[in-house]
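Peer 1: Here it is, the structure, as structure tokens.
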Amino acid sequence: MARPRAFDDDKALDAAMECFWRRGLEATSVRDLTMEMGINGPSLYNAYGDKRALFARVLARYAERWMRERIERMERDSSGKSAIRTFLHELIERSIKDEHRRGCLIVNSALEISPHDNELREVIASYLCEIEMFFLRCLKRGQESGEIGSHIDPRDAARHFLGLVLGIRVAARSRPERALLEGMVRPALAQLDFPLH
């Protein structure tokens, strides 16, 4: 019979998330993780496997709490066109208010994970694909309602908006300036005949 864990799983994963978010996968040691999570090495390995497996768990938790919940809220509460604008507006606000300039854990990981790590690369790519599909659904919904013109190719536009998300998150780590980030977004929204504010 397995013994119950002597630590709070949610708190431990959140602590690991903070650790990876600050340092990245490679620069985070198992010692860093055990100190941050308040558990010992054997407990970490027994509960989560190795550091890489824990990182995958943390990415999944981040995607659920920081990405999917926002996407679901916007798709539920907004028209397709408004959902795109709200997503980008919130992204700018979040980037400007990020005092520690941590950026997005998924985007940071996409930049860090080496090309030879096929498994993690595919996991990260799947999260980025979810963001692209959010934009694609919004664009198609906007076209069906008539608020977005039929001259726009929704698949190309969705990929453009994904690239914009990546660009905002990377640029904001060194230049979290409203004028810069809004200037990146404004031309993209203008294609939809939709102002930033």
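Peer 1: Report relative contact order for region 109-195 in percent, whole number only (criteria: Cα-Cα under 8 Å, sequence separation at least 6).
Peer 2: It comes to 21 percent, rounded to a whole number.
Peer 1: Also: Can you put LYS81, LYS140, LYS97, LYS11 in order of Cβ neighbours within 10 angstrom, beginning with the fewest?
Peer 2: Lowest to highest Cβ neighbour count: LYS97, LYS11, LYS140, LYS81.
Peer 1: Mind giving me the nanometre distance, one decimal, between the label points for SER174 and ARG155, set 7 Å out from Cα along Cα→Cβ?
Peer 2: It works out to 3.4 nm between the two label points.
Peer 1: Still on this structure, I have one more. Grab the chain and count how many Lys pairs have their alpha-carbon atoms under 27 Å apart, sequence gap of 8 or more, or different chains.
Peer 2: Lysine pair count for the chain: 4.
Peer 1: Additional query: Once fully extended, how much extra length lies between ALA125 and ASP77, figured as 0.36 nm per residue of separation less the alpha-carbon to alpha-carbon distance?
Peer 2: Length gained between ALA125 and ASP77: 14.6 nm.
Peer 1: What FRET efficiency do you get for GLU26 and GLU147 if R0 is 35 Å and r is their Cβ-Cβ distance, rounded to the nearest 0.05?
Peer 2: 0.20
Peer 1: While we're looking at this one, here's another question. For ASP50 paired with GLU18, estimate the spin-label separation in nm (one decimal), with each label point 7 Å from Cα along the Cα-to-Cβ line.
Peer 2: 2.7 nm
Peer 1: For a test of the definition: using alpha carbon positions, the gyration tensor, and the 1.5 limit on a/c, classify region 96-186 as rounded, prolate or oblate.
Peer 2: Since a/c reaches 1.5 but b/c is at least a/b, the shape of region 96-186 is classed as oblate.
Peer 1: When a footprinting reagent is the concern and you count Cβ atoms within 10 Å, what order do CYS104, CYS19 take, fewest first?
Peer 2: With the sparsest Cβ surroundings first, the list reads CYS19, CYS104.
Peer 1: In the P(r) worked out for the chain, what percent of Cα pairs fall beyond 22 Å?
Peer 2: Counting pairs separated by more than 22 Å, the tail of P(r) holds 53 percent.
Peer 1: Going by Cα centres, region 97-175 and region 3-61 are how many Å apart?
Peer 2: 26 Å
Peer 1: While we're on this one: Contact order normalised by length for the chain, with contacts defined as Cα pairs under 8 Å and 6 or more residues apart; what percent is it?
Peer 2: Once divided by the residue count of the chain, the mean separation gives 21 percent.
Only the coordinates and a few stated rules stand behind these numbers; no lab work does. All of these numbers come straight from a predicted model, not from anything done at the bench. Neighbour counts run over all protein chains shown; Cβ positions are idealised from the backbone, glycine included.
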